[in-house]
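Here is the structure we will look at, set down as structure tokens.
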Amino acid sequence: MNSAAAAAACASAPAWVVGGGAGGGARSARGPCGIRVCGLGGEAVALRSLRISQGAAVRRAAVAARAAAENGVAGSGGFDYDLVIIGAGVGGHGAALHAVEEGLKTAIIEGDVVGGTCVNRGCVPSKALLAVSGRMRELHDEHHMKSLGLQVSSPGYDRQAVADHANNLASKIRSNLTNSMKALGVDILSGFGAIVGKQKVRYGKVGFPGKEITARNIIIATGSVPFVPKGIEVDGKTVFTSDHALKLESVPDWIAIVGSGYIGLEFSDVYTALGSEVTFVEALDQLMPGFDPEIAKLAQRVLINPRNIDYHTGVFASKITPAKDGKPVQIELIDAKTKEHKETLEVDAALIATGRAPFTKGLGLENINVVTQRGFIPVDERMRVMDADGNVVPNLYCIGDANGKLMLAHAASAQGISVVEQISGRDHILNHLSIPAACFTHPEISMVGLTEPQAREKADKEGFEINVVKTSFKANTKALAENEGDGLAKLIYRPDTGEILGVHILGLHAADLIHEASNAIALGTRLQDIKFAVHAHPTLSEVLDELFKAAKPREGPERKPKHPPQPLLKVLSFVTRLLTSQKRNRQP
């Protein structure tokens, strides 16, 4: 591309070029005039040279050419947009940024606030509260402080300042996401979106006439809301969901948490660090039922037993009544199997952490013969929406919590990017077993792939063998330097092939450590190869290094040669001799 062409592209480009990969990390974007914009951070840094990405310019030209070929209209082939996304959470944001990179004219519809649940009522503000709880927990651990030679007296906190920290962080990230999309040329349309027909969407405020737009492709990314079982009365003050809890309007002396999954476990970390007593109410027979059983057992020893936490397992909270008229919150417990009444708890507050439900009502799915399954929109492995007859609905996709495949913000973003790849003409199927998950307690828990029971069930069904190896944080120099030796890393693998089936970690910075394993699964890296990777010393990453080295896979598939194959060496040798001979012949 010559300078004149580049200048013309810079002047006429409808959107900037986005860089960066999938997931929850910060992504950067380069504008046509050489400005790099961070999608989450929002900072702009001038580049050394003012140049546009040649590859993206070519893609934009291809989009325009394709549209012109279809009906002589440049831009979007007669559609208002190449892509319309309903929902501006992390999933929609990730899809929009990647769509711009591919030269697609893109709009995103948001009926609430940009950022969705993750930014406003989930991942982001909860991490602000957990940052506070981690520091409070450390300051209150007199033995830990003394072992490091530190003396701390009377640590305390300002509840409103803590709440403001969480709210301010959410506001900042929300603003950054909004600004990044605007700067990149994404049209942000306010209102609730609904599908009114094939490749047609109407959006606007509820109760008012909406505006209809057309799109070559549509992505539904409407997310989820807290699930509240029947019989539970939520007042938002003494009985509340995570949406209310993140505002931290109070720190009750005694709080019951219904559900011991990710949400419940993280809030137990926050509340106990701030001085509350916690009682878990869990319907299943063990706490943390979604975790690998061995990790859950260790987590109970580290995160539950030493703290002001008790629990009831195998029971349902059949009825919860908010505090009023001087009476405390009342929780009626029944046996999960027999449904007989067991006891009634009286506490100061109750947090309902029983999971999340898809937000898919009012989307106009009936207009395209789509029927939800327990509220989830059915999709195939490519996130294409399926109708009631099991057929793919053309040009319609659903990502994130609304499809129920994996209810994690970074999974939604990865699914969105995968869809854009398909829209751009490159088939792509996301491996959901390579997507990591983390619980940001102190210490953290992380995981990727299968749990041991899941792996054994798969092995029995498909007829292969599995092995399990473990390493301890107590053997890691960096963890010992921090006096944080409580922790375990666990690897589940196939000894016949060296395939990694699952990795589970409990320990310091487990949420950061898991990505080496998740990337290995995503790329299909075998243990025979990854055990040769070099890790800096002393770092926590050596926990994974020791874990991979502890595995004993058989030879398995032939490894890639480190040197050129023999036929190539012979050719190179012949060419070298020939050139040497010619050089000698030219000498006088």
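The values are calculated or read from the model by the stated rules, or taken from the named source; none is laboratory data. What you are looking at is a predicted structure, and each value in this text was computed from that prediction instead of being measured. All Cβ positions, glycine included, derive from the backbone under ideal geometry; neighbour counts span all protein chains shown. Surface accessibility is based on the protein's heavy atoms, side chains included, excluding ligands, DNA and RNA. Shrake-Rupley method; radii C 1.70, N 1.55, O 1.52, S 1.80 Å.
May I ask you to verify whether GLN330 is open to solvent by 20 Å² or more (accessible area, probe 1.4 Å) and either part of a helix (DSSP H, G or I) or small (Gly, Ala, Ser) (or both)?
On the way: open to solvent by 20 Å² or more (accessible area, probe 1.4 Å): yes; either part of a helix (DSSP H, G or I) or small (Gly, Ala, Ser) (or both): no.
Answer is no for this residue.
Residue by residue, here is whether (1) of a type in the set (Lys, Arg); (2) at pLDDT 95 or above; (3) in contact with a Gly (Cβ under 6 Å, 6 or more places away or on another chain); (4) assigned to a loop (DSSP other than H, G, I, E, B) holds:
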| site | (1), (2), (3), (4) |
| --- | --- |
| HIS312 | no, yes, no, no |
| SER318 | no, yes, yes, no |
| GLU343 | no, yes, no, no |
| GLU381 | no, yes, no, yes |
| ALA388 | no, yes, no, yes |
| PRO394 | no, yes, no, no |
| GLN415 | no, yes, no, no |
| SER418 | no, yes, no, no |
- Message: Looking at VAL239, VAL234, can you tell me which residue is more than 23 Å from VAL385 (Cβ to Cβ), hydrophobic (A, V, I, L, M, F, W, C) and surrounded by 21 or more Cβ atoms within 10 Å (Cβ to Cβ)?
- Response: VAL239
- Query: How many residues does segment 104-123 contain that are at pLDDT 95 or above and at positive phi?
  - Reply: 0
- Which number in (1) modelled with pLDDT under 95; (2) not assigned by the TED database to the domain that holds LEU396 marks the one condition that SER180 misses? (2)
- Of all residues in segment 176-196 being open to solvent by 30 Å² or more (accessible area, probe 1.4 Å) and of a type in the set (A, V, I, L, M, F, W, C), the one that is farthest from VAL385 (Cα to Cα): ALA183
- Note on the structure: Going through segment 273-327 in order, the residues found to be closer than 26 Å to LEU488 by Cα and of a type in the set (Lys, Arg) are LYS297, ARG301, ARG307
- Message: Condition first: open to solvent by 20 Å² or more (accessible area, probe 1.4 Å) and closer than 13 Å to GLY122 by Cα. Now tell me which residues in segment 242-252 satisfy that.
- Response: ASP243, HIS244, LYS247
- Name the residues in segment 197-213 that are within 21 Å of MET383 (Cβ to Cβ) and either touching a helix residue (DSSP H, G or I) at 6+ places or on another chain (Cβ under 6 Å) or open to solvent by less than 50 Å² (accessible area, probe 1.4 Å) (or both), would you? GLY197, GLN199, VAL201
- Query: Given the structure, is ASN367 among the polar types (S, T, N, Q) and in contact with a Gly (Cβ under 8 Å, 6 or more places away or on another chain)?
  - Reply: yes
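For every residue, the table says whether it meets (1) among the hydrophobic types (A, V, I, L, M, F, W, C); (2) outside the structural domain of GLY156 (by the TED database); (3) crowded, with 17+ Cβ neighbours inside 10 Å; (4) within 21 Å of CYS123 (Cβ to Cβ).
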{"residue": "TRP254", "(1), (2), (3), (4)": "yes, yes, yes, no"}
{"residue": "GLY264", "(1), (2), (3), (4)": "no, yes, yes, yes"}
{"residue": "SER268", "(1), (2), (3), (4)": "no, yes, yes, yes"}
{"residue": "THR272", "(1), (2), (3), (4)": "no, yes, yes, yes"}
{"residue": "LEU284", "(1), (2), (3), (4)": "yes, yes, no, no"}
{"residue": "ALA296", "(1), (2), (3), (4)": "yes, yes, yes, no"}
{"residue": "ALA299", "(1), (2), (3), (4)": "yes, yes, yes, yes"}
{"residue": "LEU303", "(1), (2), (3), (4)": "yes, yes, yes, yes"}
{"residue": "HIS312", "(1), (2), (3), (4)": "no, yes, yes, no"}
- Message: Within segment 482-497, take every residue that is out of contact with any Ser or Thr (no Cβ under 9 Å at 6 or more places or on another chain) and modelled with pLDDT of 95 or more and give me the one that is surrounded by the most Cβ atoms within 10 Å (Cβ to Cβ).
- Response: TYR493
- Task: Please go through segment 114-137 and pick out each residue that is in a helix (DSSP H, G or I), under 14 Å from the mean Cα position of the chain (by Cα) and of a type outside the set (Ser, Thr, Tyr).
- Result: GLY116, CYS118, VAL119, CYS123, VAL124, LYS127
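Search segment 149-175 for residues being among the aliphatic types (A, V, I, L, M) and open to solvent by less than 70 Å² (accessible area, probe 1.4 Å), and hand back the single one that is nearest to LYS247 (Cα to Cα). Working first, answer last.
In the first step, residues of segment 149-175 are kept if they are among the aliphatic types (A, V, I, L, M); the result is 150, 152, 161-163, 166, 169-170, 173.
When the remaining residues are screened for being open to solvent by less than 70 Å² (accessible area, probe 1.4 Å), the result is 152, 161-163, 166, 169-170, 173.
Values: VAL152: 29, ALA161: 11, VAL162: 9, ALA163: 6, ALA166: 8, LEU169: 12, ALA170: 11, ILE173: 16 Å.
Checking each candidate, the answer is ALA163.
Before we move on, is PHE291 under 22 Å from LYS405 (Cα atoms), surrounded by fewer than 21 Cβ atoms within 10 Å (Cβ to Cβ) and of a type in the set (Phe, Trp, Tyr)? Step through it out loud before you land on a result.
Numbers: under 22 Å from LYS405 (Cα atoms): yes; surrounded by fewer than 21 Cβ atoms within 10 Å (Cβ to Cβ): no; of a type in the set (Phe, Trp, Tyr): yes.
In short, no.
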- Item | Tally of residues being more than 21 Å from HIS515 (Cβ to Cβ) and not acidic (Asp, Glu) across segment 448-467 | 9
- Where residues in segment 339-380 are more than 22 Å from the chain's Cα centre (by Cα), among the β-branched types (Val, Ile, Thr) and farther than 24 Å from MET288 by Cβ, which of them is most open to solvent (accessible area, probe 1.4 Å)? VAL371
